[in-house]
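The values are calculated or read from the model by the stated rules, or taken from the named source; none is laboratory data. Given the structure is predicted, the values throughout are model-derived calculations rather than measurements. FYI the Cβ positions are ideal-geometry reconstructions off the backbone, even for glycines, and counts take in every protein chain you see. What goes into the accessible areas is simple: the full protein's heavy atoms, side chains included, and nothing from ligands, DNA or RNA. Shrake-Rupley method; radii C 1.70, N 1.55, O 1.52, S 1.80 Å.
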Amino acid sequence: MTRNLSLLTPSGRLTLGNLLGALRPMATQAARPARAARAARAAQDPGAECFFGISDLHALTTAHDPALLRGRVTEMSLLLLAVGLREATLFHQSAVPQHRELSYLLECVAHTGELNRMIQFKEKGRGRDGTRASLYTYPVLMAADILLYRAEEVPVGDDQRQHVELARDLAIRFNRSYGEVFTVPRAVHPPAGARVMDLGDPSRKMSKSAGDDHAGTIFLLDSAEVCRAKIARAVTDSETGPDAVRRDPAKPGVTNLIEILTACGGSASGLRGYGDLKEAVTEAVVATLDPIQRRYRELAADPAAVDAVYAAGAARCRQVTAPVLAAAEAAIGLG
Ligand code: AMP
């Protein structure tokens, strides 16, 4: 059976970039296997299954506030449902203890040399006071996330390539040393979703980690007024005239606004200036976020139903991952 796995870290609140670049393609992916599975049921073909998780454990690698983390996980749990991922198996990583358990076994296979080379640790941790040990070891937890599901293909952006390489190396080393337990995964590039840049600094990706009050980031729960104010302040340039509204590498701010407009179902043709463009972007963004926010409020009114979805998802994950963990334990000489 094919398995698709994606994890989102609650290191901030979900943004328009997350929606257009990741959540929308994920919703399409989740709907497709469900349809295929229904069609193939008669043929005894279980089809593909999408596992989409909130990687709360990965949010603990740098200084954090427990109450803030819990709030972000709750918000993200609701938003994944609100954007249409109901057909996937949704779960919280910490509710599937196999992730932590396999991570330790893989730490016993990983070498310090390869962890020393991991970019996040090199850039954000090495040699700094107070660096958490988990910032050093989390790539191993990521390898466990992947290997537990025996996923053959892992859809990732370039920034995640190194993590999939490590998962491959650990799988190959484990299999050679202790017997064939893991499927060796391969990184694949999903068809590119829209890439949304920061409204205030269009040379940087719009990021959920830039801070909850960052004016260059549109969050999925921003009100229409907040969206309007943020878009009004978006960086453009000083060009005027009928041709100013165009995609052009030399005009990253304007290009970004046009990309957002298009991805949200609007069109830039016929717009005559940056005022018009910003107005059109605001309308398109608000129209995109409005149904998500309505659905979010409905779901928030019934937390028990949401908890039940995630509890069922975690139970399904435990069912799928327990045999893989048990095989790894047996192979390495435990139990
Ligand atoms: P992150 O928020 O960086 O943890 O990324 C979670 C997912 O959202 C990944 O699939 C990213 O590629 C995607 N993503 C994050 N920010 C953006 C953005 N500004 N534009 C497009 N996709 C994004």
(message) Full-extension gain between S177 and D290, please, as 0.36 nm times their residue separation minus the C-alpha to C-alpha distance.
(response) 35.3 nm
(request) Can you tell me the 0 to 90 degree angle between the C-alpha axis of helix 66-82 and the longest principal axis of the chain, rounded to 10? (result) 70 degrees
(message) Step by step: find N for region 196-301, compute 2.2 N^0.38 Å, then divide the Cα radius of gyration by it. What's the final number?
(response) 1.08
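Rounded to the nearest 0.05, what FRET efficiency do S269 and E153 give with R0 = 56 Å and r taken as the Cβ-Cβ distance? Could you check? Write out the running numbers ahead of the final one.
Working: r = 38 Å, r/R0 = 0.67.
Efficiency, from the Cβ-Cβ distance: 0.90.
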(request) May I ask for the angle, rounded to the nearest 10°, between helix 274-300 and the longest principal axis of the chain, with both axes built from Cα atoms and the value confined to 0 to 90°? (result) 40 degrees
(request) Multiply the residue separation of A133 and V226 by 0.36 nm, subtract the distance between their alpha-carbon atoms, and state the gained length in nm to one decimal. (result) 29.6 nm
(message) Less than 17 Å from a label point 7 Å out along the Cα-to-Cβ axis of R246: which backbone N atoms in region 264-293 qualify, by residue?
(response) 268-274, 277
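Using only alpha carbon pairs under 8 Å that are at least six residues apart, calculate the relative contact order of the chain and give it in whole percent.
Details: 498 pairs, mean separation 71.4, N = 335.
With pairs under 8 Å counted, the relative contact order is 21 percent.
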(message) To check you understand DSSP bridge types, tell me what percent of the beta bridges within the chain (both residues inside) are antiparallel, rounded to 5.
(response) 15 percent
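Contact order normalised by length for region 196-301, with contacts defined as Cα pairs under 8 Å and 6 or more residues apart; what percent is it? All intermediate terms of the calculation are to be shown ahead of the outcome.
Numbers: 129 pairs, mean separation 26.1, N = 106.
Computed value for region 196-301: 25 percent relative contact order.
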(request) Please list the non-local residues whose amide H lies under 5 Å from the amide H of M197, H modeled 1.01 Å from N, same-chain partners needing a gap of 5 or more. (result) M206
(request) With everything on Cα atoms, drop me the angle between helix 98-107 and the longest principal axis of the chain, reported from 0 to 90° to the nearest 10. (result) 70 degrees
(request) May I ask for log10 I(q)/I(0) of the chain at q = 0.14 Å⁻¹, from a Debye sum over the Cα atoms as equal point scatterers with solvent left out? (result) -1.18
(message) Under the rule of at least 5 residues apart or a separate chain, name every residue whose amide H is placed under 5 Å from the amide H of T15.
(response) L220
(request) Using amide H atoms built 1.01 Å from N in the peptide plane, name the residues 5+ places from N4, or on other chains, whose amide H lies under 5 Å from its own. (result) E49, C50, F51
(request) Give a residue-ordered list of calculated ³J(HN,Hα) values for region 169-183 (Karplus: 6.51 cos²θ - 1.76 cosθ + 1.60, θ = phi - 60°; whole Hz; x for Gly, Pro). (result) 4, 5, 4, 5, 5, 4, 4, 5, 7, 10, x, 5, 10, 9, 6
(request) Quick one: how many lysine pairs does the chain have with C-alpha atoms less than 24 Å apart and a gap of 8 or more or different chains? Give me the count, please. (result) 13
(request) Mind grabbing the accessible area of T262 for me, 1.4 Å probe, Å², rounded to tens? (result) 70 Å²
(request) With r as the distance between the Cβ atoms of E101 and R233 and R0 = 51 Å, compute the FRET efficiency 1/(1 + (r/R0)^6) and round to 0.05. (result) 0.60
(request) Could you go through region 237-248 in sequence order and give the Karplus-derived ³J(HN,Hα) for each residue, using 6.51 cos²θ - 1.76 cosθ + 1.60 with θ = phi - 60°, rounded to whole Hz, and x for Gly and Pro? (result) 7, 9, 5, 10, x, x, 9, 5, 7, 7, 6, 6
(message) Give me a comma-separated list of calculated 3J(HN,Hα) values for region 2-9, in order, Karplus coefficients 6.51, -1.76, 1.60 applied at θ = phi - 60°, integers in Hz, x for any Gly or Pro.
(response) 6, 10, 10, 10, 9, 10, 10, 8
(request) Stick to Cα atoms and the Kirkwood definition of Rh, then tell me Rg/Rh for region 90-186. (result) 0.96
